[in-house]
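The values are calculated or read from the model by the stated rules, or taken from the named source; none is laboratory data. This structure is a prediction, so every number in the text was calculated from the model and none was measured. Every residue, glycine as well, gets a Cβ built from its backbone with ideal geometry; the counts of neighbours run over all protein chains shown. Just so you know, the surface numbers come from the protein's heavy atoms only, side chains and all, with ligands and any DNA or RNA stripped out. Shrake-Rupley method; radii C 1.70, N 1.55, O 1.52, S 1.80 Å.
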Amino acid sequence: VQVVESGGGLVQAGGSLRLSCVASGRTFSNYNMGWFRQAPGKEREFVAAINQSGGTAKYADSAKGRFTISRDNAKNTVYLQMNSLNSEDTAVYYCGANSYYSASAESNRYTYWGQGTQVTVSS
């Protein structure tokens, strides 16, 4: 499975971005998907996850009320809509895929990863 993220960039505090993640090579609807992020000098942390059908989503406390994860199985794509961004959201955002654990917040449960997309929020 190949995973490719896009949509990162530079945004002012209070602004919005939508990240996209395309997974190809296998049947996309068989995979649970998750978004994680890693800021400089920090460990990778969970942001949001969604199960195979899109019926179940989970969010980190920092993302609740501001971020929305969704998926379009027909387009092999999972999205992360990020609103009300602040400087603490600055990080490289990674998309992961796994075929077993539904909407998991544990990064070690994801089998496939993309290269990441940089999100920088200026204050």
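Assorted remarks:
- Search result, residues across segment 1-16 that are more than 11 Å from TYR94 (Cα to Cα) and open to solvent by 50 Å² or more (accessible area, probe 1.4 Å): GLN2, LEU10, GLN12, ALA13, GLY14, SER16
- Any hit, segment 96-115, residues being of a type in the set (Asp, Glu) and without any contact (Cβ under 8 Å) to a residue 60 or more places away in the chain: no
- With respect to the conditions (1) in contact with a Ser or Thr (Cβ under 9 Å, 6 or more places away or on another chain); (2) in contact (Cβ under 8 Å) with a residue 40 or more places away in the chain, GLY65 falls short on a single one, namely (2).
- Subset of segment 35-84 that is in a strand (DSSP E or B) and acidic (Asp, Glu) - its residue that is least open to solvent (accessible area, probe 1.4 Å): ASP72
- Segment 88-123: number of residues that are within 14 Å of GLN2 (Cβ to Cβ), of a type in the set (A, V, I, L, M, F, W, C) and open to solvent by less than 50 Å² (accessible area, probe 1.4 Å): 2
- Residue list for segment 17-32, filter: polar (S, T, N, Q), open to solvent by 60 Å² or more (accessible area, probe 1.4 Å) and modelled with pLDDT of 95 or more: ASN30
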